[in-house]
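Please read the structure below before turning to the comments.
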Amino acid sequence: MFRLPTLHTLLTPVAALLALGLVMAAGPAQALSRIKDLASVEGVRTNQILGYGIVVGLNGTGDTLNNAPFTKQSLTAMLERLGVNTRGANMRTANVAAVMVTANLPPFATQGTRLDITVSALGDAKSLQGGTLLATPLLGADGEVYAVSQGPVAIAGFSAEGEASKITRGVPTVGRIANGGLVEREIDFALNKLKTLRLSLRNPDLTTARRVAAAINDFLGGDAAEPTDPSTIVLQIPPRFQGNMIRMLTDIEQLKIEPDQLARIVIDERSGIIVMGKDVRVSTVAVAQGNLTVTISEAPQVSQPAPLSRGETTVVPRSNVKVDTEGGNKLALVRESVTLAELVDGLNALGIGPRDLISILQAIKTAGALQAEIEVM
């Protein structure tokens, strides 16, 4: 039996087309980032520790004791602690090197935690290959010992030389000891007992700080989070999360927002690298670029005397000087850009290299037509 289409059946294709139109009009999805990747909890941080030690067991590639008096003094003091008196003796060993030992103490590291350490030669040692670091205390900025390091040094480079040649690959005077440090003192930080938290943005920005606070308030309810400056958000701990800070932080750090940033162009003049942010804009401007090139080529000619004459053969200089002002280069119009892609296309239309583009961007900024900050590395 034939059935007439209902109103719902007729509207379904129309609704589908309207939904498709809305999706296409919405454009590309916004780039959202987790708060975990944008901010860090103030107080939860890595601390740097360092110490001075001795590496022994080198194959004649250590410090020259006459050129490194600190190595000789350290060796003498170490032997005295072990019951060996060497004061006044003439030591000529080349198997010892004085080194600086550095490491990063992670937050909440407990006693017995292993650390990776870096060992760097302090004197004129040629290589630390095959050496062993003796027990070295590692101190913090307050002068307290937080870890002790010891173990065989592994280096990534090497050095070999003969009578007339030398080959060096990498840096043989710097090495690492995996799990060579042992934590002896903990840093007290009671995270669960805090009543107020401060989140620090890695890239300070007023808009980003406000968006982070808004996302946290929507999740917790109320006005628990408040931005106090472009890099800090103060968070009052709700009563239901007091004593259970980890639960709240794990939920907050997964919230996603769209970070904002200043329009910035970063230039590295040494390598010719140019990096532009997505918000860089340029007003309509005309640009001409040209260089004055002077080419001088020498083509000397030999002048022979006439037959049966008493003349001498001489060399007559012939110079060809060419000046190229690149008169064919005309003004190129870079129109006002809406997107970064259009700006790049406009600058690429000039047909120039990165080195000249750096000068052009700085000139456009001076003319007031570039709405971005230029940072030269």
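The values are calculated or read from the model by the stated rules, or taken from the named source; none is laboratory data. What you see is a predicted model; the values in this text were computed from it and never measured. Reconstructed Cβ throughout: ideal geometry from the backbone, glycine too, with neighbour counts over all protein chains shown. Note: accessible area is taken over every heavy atom of the protein model, side chains too, but ligands, DNA and RNA are not part of it. Shrake-Rupley method; radii C 1.70, N 1.55, O 1.52, S 1.80 Å.
Which residue, of G221, G272, is touching a Pro at 6+ places or on another chain (Cβ under 6 Å), surrounded by fewer than 17 Cβ atoms within 10 Å (Cβ to Cβ) and at pLDDT below 90?
Among G221, G272, only G272 is touching a Pro at 6+ places or on another chain (Cβ under 6 Å), surrounded by fewer than 17 Cβ atoms within 10 Å (Cβ to Cβ) and at pLDDT below 90.
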| said: For segment 72-102, which positions are more than 21 Å from I49 (Cβ to Cβ) and in a strand (DSSP E or B)? | reply: V96
| Which of the residues belonging to segment 130-171 are at pLDDT 90 or above and either in a loop (DSSP other than H, G, I, E, B) or touching a Cys at 6+ places or on another chain (Cβ under 9 Å) (or both)? | G130, G131, G140, A141, D142, G143, E144, V153
| From the options T93, T110, T86, residue that is surrounded by fewer than 16 Cβ atoms within 10 Å (Cβ to Cβ), touching a helix residue (DSSP H, G or I) at 6+ places or on another chain (Cβ under 7 Å) and not basic (K, R) | T86
| Residues in segment 161-205 that are under 32 Å from the mean Cα position of the chain (by Cα) and either of a type in the set (A, V, I, L, M) or under 30 Å from D124 (Cβ atoms) (or both): how many? | 23
| Hey, among the residues in segment 103-127 that are outside any strand (DSSP E or B) and of a type in the set (V, I, T), which one's nearest to Q150 (Cα to Cα)? | T113
| note | Cβ pairs under 7 Å, 6+ apart or interchain, first in segment 224-246 and farther than 30 Å from L262 by Cβ, second loosely packed, with under 14 Cβ neighbours inside 10 Å, ordered by first then second residue, are I237/K195; I237/T196; F241/R247; G243/N192; M245/N192
| said: Can you find a residue that is on the phi > 0 side of the Ramachandran plot and small (G, A, S) anywhere in segment 179-202? | reply: no
| Index of the failed condition, A178 passing every other in (1) closer than 30 Å to E161 by Cβ; (2) touching a residue at least 60 places away in the same chain (Cβ under 8 Å); (3) open to solvent by less than 20 Å² (accessible area, probe 1.4 Å) | (3)
| query | Yes or no: G243 touching a helix residue (DSSP H, G or I) at 6+ places or on another chain (Cβ under 7 Å), more than 30 Å from E375 (Cβ to Cβ) and open to solvent by 40 Å² or more (accessible area, probe 1.4 Å)? | reply | yes
| Just one of the numbered conditions (1) surrounded by fewer than 19 Cβ atoms within 10 Å (Cβ to Cβ); (2) charged (D, E, K, R); (3) within 30 Å of S74 (Cα to Cα) is not true of K126; which one? | (1)
| V287 versus (1) open to solvent by less than 60 Å² (accessible area, probe 1.4 Å); (2) modelled with pLDDT of 80 or more: which is the lone unmet condition? | (2)
| query | Residue check: is P152 open to solvent by 20 Å² or more (accessible area, probe 1.4 Å) and touching a Pro at 6+ places or on another chain (Cβ under 7 Å)? | reply | no
